[in-house]
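Reviewing the structure listed below.
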Amino acid sequence: KSYNDGNGVNQHHKDKALKKLKKLIRKTQQAINNGDSSAETRFVNGMAEAYTSAILLSKNKNMSAYNHSFSGREQLQTLVTEHPEMEDAYLVLGMFEFFLGSIPDDMKSKARALGMQGDREIGLSHLERTIENATVSAPEAARVLLLETNLPDAEACRYRDLSEVMHNEYPANELFAVTARIIRLQCRISEAEGQDVAAPITLTLNQGCMP
């Protein structure tokens, strides 16, 4: 709500979220500097840096966004290398890889120079991993995959079954209901046009975060 533009979003939401996130960054960074090397502290620090970057980017503060983005990505990449069981970290890492790997070709050389290149396919793989293995971030990873990646119609068919799973898990959420219908329609149209439609894959939504 605070960093995605849309109905009900305003500057106050963003400023309030930024204030809380920056406080969290300071607190966790101080703990890390004082010798706290726990996976949990580093995870919170990396996630706070990443979400701070997203809000700053929506406010067109690109340089500050870049600095927080770089710090968050570096923290989380180091974390999963040392603690591969921290599956929730793959949500943000997947978003980094996918969206940076999807930028226009004429911008990729600049992104590489800044150390911010990504790999689209690795990003999708990380998001799929989060859906199946993360105890907290699984539903959010599914939401990002279905609603934020803007995959081509034929490729979106890969997640046709996932869209039905999310609709069934969250029947009151109209976005998931609409998304499931749209993907079904996209797949039928793509098949009728003779396109090379991706076969649906089975992803088991992790239930660790469910009541």
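The values are calculated or read from the model by the stated rules, or taken from the named source; none is laboratory data. Bear in mind the structure is a predicted one, so any value in this text is a computation, not a measurement. Backbone-built Cβ (ideal geometry, glycine too); neighbour counts: all protein chains shown. SASA here: full protein model, heavy atoms, side chains in, ligands and nucleic acids out. Shrake-Rupley method; radii C 1.70, N 1.55, O 1.52, S 1.80 Å.
Whole-Hz ³J(HN,Hα) for each residue in region 98-105, computed from phi via Karplus 6.51 cos²θ - 1.76 cosθ + 1.60 with θ = phi - 60°, x for glycine and proline: what do you get?
Ordered by residue, 3J(HN,Hα) equals 5, 6, 6, x, 9, 5, x, 4 Hz.
Heavy atoms only, 1.4 Å probe, whole protein assembly: order 73, 129 by accessible area, highest first.
129, 73
Let me check something: with ligands and nucleic acids excluded, how do 20, 59, 14 order by accessible area (1.4 Å probe), largest to smallest?
In descending accessible area the options line up as 20, 59, 14.
Once you keep just the Cα pairs under 8 angstrom separated by 6 or more residues, what percentage relative contact order results for region 75-211?
24 percent
Could you state how much accessible area residue 70 has, in square angstrom rounded to the nearest 10, with a 1.4 Å probe and all protein chains kept in place?
Result for residue 70: roughly 80 Å² accessible.
Positive end of the dipole of the chain, charges at C-beta (+1 Lys, Arg; -1 Asp, Glu), about the Cα centre: which of 17, 75, 194 has its Cα farthest in that direction?
17
What are the ³J(HN,Hα) values, in whole Hz, obtained from phi via the Karplus relation 6.51 cos²θ - 1.76 cosθ + 1.60 with θ = phi - 60°, for each residue of region 38-51 in sequence order, with x given for Gly and Pro?
Per-residue couplings from phi come out as 5, 4, 5, 5, 5, 5, 4, 4, x, 5, 5, 4, 5, 6 Hz.
Using +1 on the beta carbon of Lys and Arg, -1 on that of Asp and Glu, and nothing else charged, what's the dipole of the chain about the Cα centre, debye to 20?
1180 debye
Which semi-axis lengths, in whole Å and largest first, follow from the square roots of five times the eigenvalues of the Cα gyration tensor of region 71-160?
21, 20, 8
Which is farthest toward the positive dipole end of the chain among 46, 135, 64, measuring Cα position about the Cα centre, with Cβ charges +1 (Lys, Arg) and -1 (Asp, Glu)?
It is 64, whose Cα lies furthest towards the positive end.
Tell me what the chain gives for mean residue ellipticity at 222 nm when only DSSP H runs of n ≥ 4 count, each as -39,500 (n - 2.57), the sum divided by the residue total, rounded to 500 deg cm²/dmol.
-22000 deg cm²/dmol
Tally Lys and Arg at +1 and Asp and Glu at -1 over the other residues with C-beta under 15 Å from the C-beta of residue 201: what net charge comes out?
Neighbourhood net charge equals -3.
Determine the principal axes of the Cα atoms in region 120-211, then give the extent along each, sorted from largest to smallest and rounded to whole angstroms.
On the principal axes, region 120-211 reaches 42, 31, 20 Å in Cα extent.
Could you work out the local net charge near residue 154, counting Lys and Arg as +1, Asp and Glu as -1, over the other residues with Cβ closer than 15 Å to its Cβ?
-1
Taking a probe of 1.4 angstrom, what is the accessible area of residue 102 in Å², to the nearest 10?
Accessible area of residue 102: about 60 Å².
With θ set to phi - 60° and the Karplus curve 6.51 cos²θ - 1.76 cosθ + 1.60, what are the ³J(HN,Hα) couplings of region 189-206 in order, to the nearest whole Hz, using x for Gly and Pro?
For region 189-206, the Karplus curve yields 5, 4, 5, 5, 7, x, 6, 7, 7, 5, 6, x, 10, 9, 10, 9, 5, 4 Hz.
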